[in-house]
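The values are calculated or read from the model by the stated rules, or taken from the named source; none is laboratory data. Everything numeric here is computed off the predicted structure, so don't read it as measured data. All Cβ positions, even for glycine, are placed from backbone atoms using ideal geometry, and neighbour counts span all protein chains on display.
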Amino acid sequence: MNPIFTVTYEGFAYGDNSSNLEGNLAFLTEADKYSCAGEYEVEPFGLYSTNYDITFVVAKLTILGVSIDASASSTPVPAGQPATLTASVTPAVSGVSVTFLITSVGYSESITVDTDDSGIASTTTGNLELGVYQVKATAGSGCATSIAYIPVYDDSGSFVTGGGWIMSPAGALTADPTVVGKANFGFVSKYKKGSNQVDGNTEFQFHAGGINFKSTFHEAGSLVISGKKATYRGSGTVNGQSGYKFTLVALDGHWNGGPGPDQFRIKITDGTGGVIYDNGLNAAENSDASTALGGGSIVIHEVKSNAKAKSLEVEVLAGDVADNLLKAYPNPFAERVFFDMQFVNDGHAVLEIFDMRGAKLSTLFDKSVEAGMIYRLEYAPTDVVPGILIYRLVKDGEVTNGRLIYQKQR
């Protein structure tokens, strides 16, 4: 916020002072708490007198630059929980407006708060689903920005493995963007049983670029597996020297019967956050930017559980809408069935599965929906008796029912 403005007076006669003037002193300036570094005019006005001609002298308000750091917003959180967003402004001053923009596939949330006396802006998001969310913290009207990433994880047991090679593209090695060539990798990442601790090993060698990376630590809660995509992060050594961090993105192109290809990305940074290597070419860390494998494979392993059902993380796709849509396919089904939902209007939708007796087997979806978007879900029953199942969609009080024929293969 602006400081308290004051003025001095000159030119009074016969013992007069400012109390002999009429009106109310005020100030005009374009500066406010959103303003970036620079000089801004401050013009006093509002006083008048029948005895004096008043000249108002314009002053200059200098706003110093600030920097912002949102790295404290990158703490992993369990799926279905809110995340705490924190950014610090330097120099540490209160009243600086900070806007947090949280984005992922099909999700966007913006929250604006002011810094406290320590220069800290803090707030919380709504409940977040499985995925990696980008947090962009902006001070004022764009005076300074900082980006962090929040892993929202599910430690239920799925894990990822990979090994092979890619052709490292031009631009990946920041020290010499012209260097290209074959790069080898191998990794495994999984949660320790009953814990959010991530266990595993990650190695990456790019001989043409002189990089030999080995992980020493995988960050707790950072492993996020959503559909065909796995992401995790940690720290390690480059050519035997410690102090480096990494983020790895792996895509299993053959997941759920897909046609491929498998894809791999690793981003390695130094202790100051400077990028050493990134074959995603500095794209957002929660994007699918990566390189197709030249050889080898990446596999996302889904651990079967004793739960009665499981649902696939919602995949939100752009689509044109003509009427409300609910489609289940294939039907009959043997192992899993997919649902596509699309709506004319925004609102809230709940999709549930029941057996013929009316006992609920699973809630596949329970959240807000946007008009014109397609929501794709998967239902893969376990420990469910084959036969007729009922699905029910409730959208803003309107109910749609349908039947599924579950023909489990022996």
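Within region 60-71, if we keep just the residues that are surrounded by 14 or more Cβ atoms within 10 Å (Cβ to Cβ) and within 20 Å of THR6 (Cα to Cα), the residue that is modelled with the highest pLDDT turns out to be LEU61. Screening VAL299, VAL314, VAL321 for residues that are modelled with pLDDT under 85, among the aliphatic types (A, V, I, L, M) and surrounded by fewer than 18 Cβ atoms within 10 Å (Cβ to Cβ) leaves exactly one candidate, VAL321.
Taking first residues from region 118-131 that are part of a strand (DSSP E or B) and partners that are acidic (Asp, Glu) and crowded, with 16+ Cβ neighbours inside 10 Å, the Cβ contacts under 9 Å between residues at least 6 apart in sequence or on separate chains come to GLY131/GLU313.
For region 191-209, how many residues meet the condition of being free of Cβ contacts under 8 Å to residues at least 40 places away in the same chain and either under 17 Å from MET167 (Cβ atoms) or not small (Gly, Ala, Ser) (or both)? Going through region 191-209 one residue at a time, the tally reaches 10. Which of the residues belonging to region 380-399 are surrounded by fewer than 14 Cβ atoms within 10 Å (Cβ to Cβ), touching a residue at least 40 places away in the same chain (Cβ under 8 Å) and either more than 36 Å from the chain's Cα centre (by Cα) or within 12 Å of ASN324 (Cβ to Cβ) (or both)? Correct list: ASP396 only.
If the requirement is being part of a loop (DSSP other than H, G, I, E, B), of a type in the set (Phe, Trp, Tyr) and touching a Pro at 6+ places or on another chain (Cβ under 8 Å), which of these qualifies: PHE27, PHE56? Can you show your working first?
On the way: PHE27 fails: part of a loop (DSSP other than H, G, I, E, B).
None of the other options fit; the residue is PHE56.
Give me the residue from region 174-202 that is within 22 Å of ILE298 (Cβ to Cβ) and charged (D, E, K, R) and, out of that set, surrounded by the fewest Cβ atoms within 10 Å (Cβ to Cβ). Lay out the reasoning, then the answer.
The first filter runs over region 174-202 and keeps only residues within 22 Å of ILE298 (Cβ to Cβ), leaving 180-192, 198-202.
Subset that is charged (D, E, K, R): 182, 190, 192, 199.
On the way: LYS182: 14, LYS190: 20, LYS192: 12, ASP199: 14.
Step by step, filter region 174-202, then rank; the result is LYS192.
Among the residues of region 343-356, those identified as more than 24 Å from the chain's Cα centre (by Cα) and surrounded by 13 or more Cβ atoms within 10 Å (Cβ to Cβ) are PHE343, VAL344, VAL350, LEU351, GLU352, ILE353, PHE354, ASP355. May I ask you to list pairs of residues, at least six apart or on different chains, whose Cβ atoms are under 8 Å apart, with the first in region 256-275 being assigned by TED's automatic domain parsing to the domain that holds THR231 and the second being exposed (fewer than 14 other Cβ atoms within 10 Å of the Cβ) and assigned to a loop (DSSP other than H, G, I, E, B)? Cβ pairs passing all conditions: VAL275/ASN282.
A quick yes/no check of all residues on (1) more than 23 Å from GLY236 (Cβ to Cβ); (2) surrounded by fewer than 15 Cβ atoms within 10 Å (Cβ to Cβ); (3) of a type outside the set (Val, Ile, Thr):
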residue: SER97; (1), (2), (3): yes, no, yes
residue: PHE100; (1), (2), (3): yes, no, yes
residue: THR115; (1), (2), (3): yes, no, no
residue: TYR149; (1), (2), (3): no, no, yes
residue: VAL160; (1), (2), (3): no, no, no
residue: PHE204; (1), (2), (3): no, no, yes
residue: HIS207; (1), (2), (3): no, yes, yes
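Return a yes/no flag: does region 262-282 have any residue that is more than 24 Å from GLN197 (Cβ to Cβ), touching a His at 6+ places or on another chain (Cβ under 8 Å) and crowded, with 21+ Cβ neighbours inside 10 Å. The answer is yes, given that some residue of region 262-282 is more than 24 Å from GLN197 (Cβ to Cβ), touching a His at 6+ places or on another chain (Cβ under 8 Å) and crowded, with 21+ Cβ neighbours inside 10 Å.
Those residues that are surrounded by 15 or more Cβ atoms within 10 Å (Cβ to Cβ) and either in the same structural domain as GLY221 (by TED's automatic domain parsing) or assigned to a loop (DSSP other than H, G, I, E, B) (or both), I need them from region 72-93; list them, please.
Residues of region 72-93 surrounded by 15 or more Cβ atoms within 10 Å (Cβ to Cβ): 72-77, 79, 83, 85-89, 93.
If the condition is that a residue be surrounded by 15 or more Cβ atoms within 10 Å (Cβ to Cβ) and either in the same structural domain as GLY221 (by TED's automatic domain parsing) or assigned to a loop (DSSP other than H, G, I, E, B) (or both), then THR75, PRO76, ALA79, ALA83, VAL93 are the ones that fit.
Quick check on my filter: what residues within region 104-117 are closer than 19 Å to CYS36 by Cα and assigned to a strand (DSSP E or B)? Scanning region 104-117 gives THR112, VAL113, ASP114. State whether one or more residues within region 327-337 are out of contact with any helix residue (DSSP H, G or I) (no Cβ under 7 Å at 6 or more places or on another chain), assigned to a strand (DSSP E or B) and modelled with pLDDT of 90 or more. Scanning region 327-337 turns up no residue that is out of contact with any helix residue (DSSP H, G or I) (no Cβ under 7 Å at 6 or more places or on another chain), assigned to a strand (DSSP E or B) and modelled with pLDDT of 90 or more.
Taking the criterion of being over 23 Å from the mean Cα position of the chain (by Cα), assigned to a strand (DSSP E or B) and polar (S, T, N, Q), the residues of region 178-230 that qualify are ASN184, ASN201, THR202, GLN205, ASN212, SER215, THR216.
The C-beta contact set for region 152-173 (first residue on the phi > 0 side of the Ramachandran plot, second residue surrounded by fewer than 16 Cβ atoms within 10 Å (Cβ to Cβ) and modelled with pLDDT of 95 or more, distance under 7 angstrom, 6+ apart or interchain) comprises GLY171/PRO177.
All conditions in (1) in contact with a helix residue (DSSP H, G or I) (Cβ under 6 Å, 6 or more places away or on another chain); (2) modelled with pLDDT under 95; (3) not assigned by TED's automatic domain parsing to the domain that holds ALA72 hold for LEU173, with the sole exception of (2).
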